[in-house]
1. Which condition number in (1) assigned to a helix (DSSP H, G or I); (2) in contact with a Cys (Cβ under 9 Å, 6 or more places away or on another chain) is the one that Tyr385 fails?
2. So Ala143 passes all but one of these: (1) surrounded by 23 or more Cβ atoms within 10 Å (Cβ to Cβ); (2) among the hydrophobic types (A, V, I, L, M, F, W, C); (3) in contact (Cβ under 8 Å) with a residue 24 or more places away in the chain. Which condition number does it fail?
3. Within the range 39-60, track down each residue that is in contact with a strand residue (DSSP E or B) (Cβ under 7 Å, 6 or more places away or on another chain) and either of a type in the set (Asp, Glu) or without any contact (Cβ under 8 Å) to a residue 24 or more places away in the chain (or both).
4. Among residues belonging to the range 101-126 that are in contact with a strand residue (DSSP E or B) (Cβ under 7 Å, 6 or more places away or on another chain) and in a loop (DSSP other than H, G, I, E, B), point out the one that is modelled with the lowest pLDDT.
5. For Ile213, all conditions in the list (1) of a type in the set (A, V, I, L, M); (2) surrounded by fewer than 24 Cβ atoms within 10 Å (Cβ to Cβ); (3) free of Cβ contacts under 8 Å to residues at least 60 places away in the same chain hold save one; what is the number of the exception?
6. Identify the residue in the range 433-471 that is in a loop (DSSP other than H, G, I, E, B) and among the hydrophobic types (A, V, I, L, M, F, W, C) and, among all such residues, is surrounded by the most Cβ atoms within 10 Å (Cβ to Cβ).
7. Collect the residues in the range 360-375 that are within 27 Å of Gln266 (Cα to Cα), surrounded by 17 or more Cβ atoms within 10 Å (Cβ to Cβ) and out of contact with any Asp or Glu (no Cβ under 8 Å at 6 or more places or on another chain), keeping them in residue-number order.
8. Return the total of residues in the range 82-100 being outside any loop (DSSP other than H, G, I, E, B), surrounded by 15 or more Cβ atoms within 10 Å (Cβ to Cβ) and not small (Gly, Ala, Ser).
Amino acid sequence: MGGIFGVASKSSCVLDLFFGIDYHSHLGTRRGGMAVYDEEKGFDRSIHNIENSPFRTKFERDVAELEGNLGIGCISDSEPQPLLVRSHLGNFAITTVGKINNMDELVTHAFKNGCTHFLEMSGGNVNPTEMVASLINQKPTMAEGIRYAQEMIDGSMTMLVLTPKGIYAARDFLGRTPLIIGKKEDACCISFESFAYINLGYEDYMELGPGEIVFVTPEGVEKIQKPGEKMRICSFLWVYYGYPTSTYEGVNVEEMRYKCGDILAQRDAGEVHPDIVAGVPDSGIAHAIGYANRSGVSFARPFIKYTPTWPRSFMPTQQSQRNLIARMKLIPVHNLIKGKKLLMIDDSIVRGTQLRETTEFLYNNGAKEVHIRPACPPLLYGCKYLNFSRSKSDMDLITRRVIQKREGDQVDEKVLADYANPDSVNYKEMLEDIRAELNFTTLKYHRLDDLVKSIDIDPCKLCTYCWSGRE
């Protein structure tokens, strides 16, 4: 995924920028970056690898060295950014969050339109943020260039563009990721996460609509491009990625997760009789609280995540290392496990590897039963719009592997639609196959209609592609 943050201030922006970016650390694990502009010194930038050390530690020295009243930055799960660019539009810095699916097509298009080269990253890839800058530079004005980039990209792209006069902020064409403006007396900020500026003294000012472009200065916000009417914000932000204190489209993440657990419990009424309801930390905990509150079954923590040295489960790039770390982090509370019937809520099941190991961990510590309730429907499609999963293929998903085993290679959209239907025979048999493979006592996923009810905004504004295949 990734997160972005920007500040336009009448005084130094560096501290606000530093802390604002740091508050996005849950959204990425590979690189962090800051770029600032000072009237006397011009542009300056710092980028660090944060795979083995958190953003705050890596950038503490930069806070003392960077100077400027305008700045942007990011936490990135992929490419190094922000980038500094010199073009016919002037000098600018740019940072983005999103995904480009038609990169080869855009590279060919760029070469035909006068672009001479791109810097090649490891693996032979083009930096997506550099591609966005190239698209912007194909138009006579910055605003036109940003709009052009949004229209040309197949996928999603939210961006901040830092100029000597202020910051252009543009939300993805269909609003798949959020972008919010905060304001205080002498500054404005732009943030992916709505909570990231609260402790810095900013108050909510406005949330950009899909495709909306604004120009932000210390004095305020100028609207450049009005928002579109069509929205497809990512539902998974509420289920997993969003921080509990964040709010998107007026819906708080923590509150949504309580509702999610509440509805899961309503669907379960009378079917299972656990001794304890627990959440797989951290994102499953709020869902579990909602379930416990509705069901009347006690909420407890039968294992605790050791966070001082393992704060994030998906830090390494290799799946085997991530599985090892996930296992190393969980410390059991034996008295809450031995002889107990446990109902566990996790945010989702992707490959199933970690949850299978967690279940075995519970059995090995004396659990009598382990009932699993994922807080979202079965994932049937890899996300085309955001890099929320490291999966390279749909076949990384346990659902698709089970379906292929059942159907062979004759799996088309019609077949997948039937497996996505919670009332179909295929759906129920798929769940039983997954349950048996992962050694759960019972397995029941959140239904898509219930998930939409949990979020409680217009269903037409939500992207549910990873579960339904519908764009």
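1. (1)
2. The single condition Ala143 does not satisfy is (1).
3. Let us first name the residues in the range 39-60 that are in contact with a strand residue (DSSP E or B) (Cβ under 7 Å, 6 or more places away or on another chain), namely 43-50, 55, 58-59.
Matches in the range 39-60: Asp44, Ser46, His48, Asn49.
4. The selected residue is Phe118.
5. Going through the list (1) of a type in the set (A, V, I, L, M); (2) surrounded by fewer than 24 Cβ atoms within 10 Å (Cβ to Cβ); (3) free of Cβ contacts under 8 Å to residues at least 60 places away in the same chain, Ile213 breaks only (3).
6. Quick first cut of the range 433-471, residues in a loop (DSSP other than H, G, I, E, B) only: 439-441, 444-447, 456-458, 464, 469-471.
Restricting the remaining residues to those that are among the hydrophobic types (A, V, I, L, M, F, W, C) gives 440, 457.
On the way: Phe440: 22, Ile457: 17.
Filtering the range 433-471 for residues that are in a loop (DSSP other than H, G, I, E, B) and among the hydrophobic types (A, V, I, L, M, F, W, C), the one surrounded by the most Cβ atoms within 10 Å (Cβ to Cβ) comes out as Phe440.
7. Just the residues of the range 360-375 that are within 27 Å of Gln266 (Cα to Cα), to begin with: 362-363, 367-375.
If we keep only those that are surrounded by 17 or more Cβ atoms within 10 Å (Cβ to Cβ) too, we end up with 362, 367, 369-375.
If the condition is that a residue be within 27 Å of Gln266 (Cα to Cα), surrounded by 17 or more Cβ atoms within 10 Å (Cβ to Cβ) and out of contact with any Asp or Glu (no Cβ under 8 Å at 6 or more places or on another chain), then Leu362, Ala367, Glu369, Val370, His371 are the ones that fit.
8. Here is the first cut: in the range 82-100, the ones outside any loop (DSSP other than H, G, I, E, B) are 83-87, 90-100.
Okay, now just the ones that are also surrounded by 15 or more Cβ atoms within 10 Å (Cβ to Cβ), so 83-85, 92-100.
After this cut, where a residue has to be not small (Gly, Ala, Ser) as well, the list is 83-85, 92, 94-97, 99-100.
Count: 10.
The values are calculated or read from the model by the stated rules, or taken from the named source; none is laboratory data. None of the values given here were measured: they were computed from a predicted structure. Methodologically, a virtual Cβ is constructed for each residue, glycine included, from the backbone with ideal geometry; neighbour enumeration extends over all protein chains shown.
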